[in-house]
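See structure below.
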Amino acid sequence: MFLNCHLIGMQATVLFLGQAATPPTVEEVEKKLIELREKVTSFVARVSTIQKHEVKGNITESDSTGTIDWMRKGDKVVYRSKTSGHTSFTRYGQSTVVEATSTSLCDGEFLYQIYEDEVPLRAIKRKNDLSLSADGGLMFQRMRQDHSLTMLADEPVDGVDCYVVEATPNKPNEAAAAKTLMYFQKETGINVKNVGLAKDGTSKVFTHSYFDIKVNAAVDPEQFTFKPPPDAVIVDKTAD
């Protein structure tokens with residue numbers, strides 16, 4: 001009797017250990033990320049973006065680093081990101097390298113892209129894309145419009161566990177990534193890394209990363225007000 005019970009207990013233990021935990025669905029992760037981001041009132045981080053696009057032998061490569069300050073300001077989300085780097089263009093075997101410093105400033109209503117190396121300074125004014133500046137829910141809504149979303153296995157980024165979501169475009173574009181891997185911190189819900197992969201599934205079209213992240217850090221709200229120099233050229237593209 002005791003032996004039979006012992007064997008049954010062992011079998012139950014083996015069955016229990018053999019059952020892997022059911023991975024969360026995209027919808028479950030999306031809900032969790034929205035809840036996490038509601039607790040983030042601000043963050044500051046360093047930014048890195050590396051890109052390489054090749055279409056019919058024409059190659060564009062860029063590498064930039066910088067900073068971002070992000071915060072909730074009333075019922076709006078604002079941010080300011082300043083980056084510096086270089087872009088190389090190879091056309092018909094000839095290469096050109098351009099160094100540039102630029103600032104992206106979202107005041108909650110409009111997005112300004114400011115090119116600081118130009119004289120006079122040029123700023124492009126666009127409609128604010130909330131899916132880029134706000135919380136995970138809007139980002140997922142936008143991605144679903146033209147992508148299929150799939151959960152992948154969790155991975156750490158800089159030692160912090162992350163959910164990984166794979167986005168595959170419904171209509172492939174030769175000039176864009178064949179799929180994008182999006183990494184969201186489990187602790188904060190922040191989208192800390194995006195990696196675009198080429199058709200071969202391994203070559204990277206782009207890698208955009210946040211690191212040295214400080215959540216709910218003190219930031220100066222005045223920096224999110226657009227104050228161009230008197231001679232700045234404002235290119236209004238809000239109607240596009």
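Relative contact order for the chain: 21 percent, from Cα pairs under 8 Å spaced at least 6 residues apart, divided by residue count.
For segment 171-222, the Kirkwood radius over C-alpha pairs fed into Stokes-Einstein at 37 °C and 0.692 mPa s yields D = 252 µm² per second. Convex hull volume per residue, computed on the Cα atoms of segment 23-236, equals 138 Å³. Per residue of the chain, the DSSP helices (runs of n ≥ 4 H) give a summed -39500 (n - 2.57) that works out to -5500 deg cm²/dmol at 222 nm.
Binning all Cα-Cα separations of segment 143-238 at 10 Å, short to long from zero, yields these whole-percent fractions: 13, 33, 25, 23, 6, 0. Against the chain, whose longest principal axis comes from its Cα atoms, helix 2-18 is set at around 10 degrees.
In this structure, the pairs whose alpha-carbon distance is over 29 Å, taken from Lys82/Lys186; Lys179/Lys227; Lys214/Lys237; Lys127/Lys199; Lys52/Lys237; Lys82/Lys179, are Lys179/Lys227; Lys214/Lys237; Lys127/Lys199.
The Cβ shell under 12 Å around Val78 holds other residues with a net charge of -2, Lys and Arg each +1, Asp and Glu each -1.
Every number here is computed from the coordinates shown, using simple stated rules; none is lab data. From a predicted model like this one, the values you see are computed outputs, not experimental measurements. With ideal geometry, Cβ positions are generated from the backbone for all residues, glycine too; neighbour counts draw on all protein chains shown.
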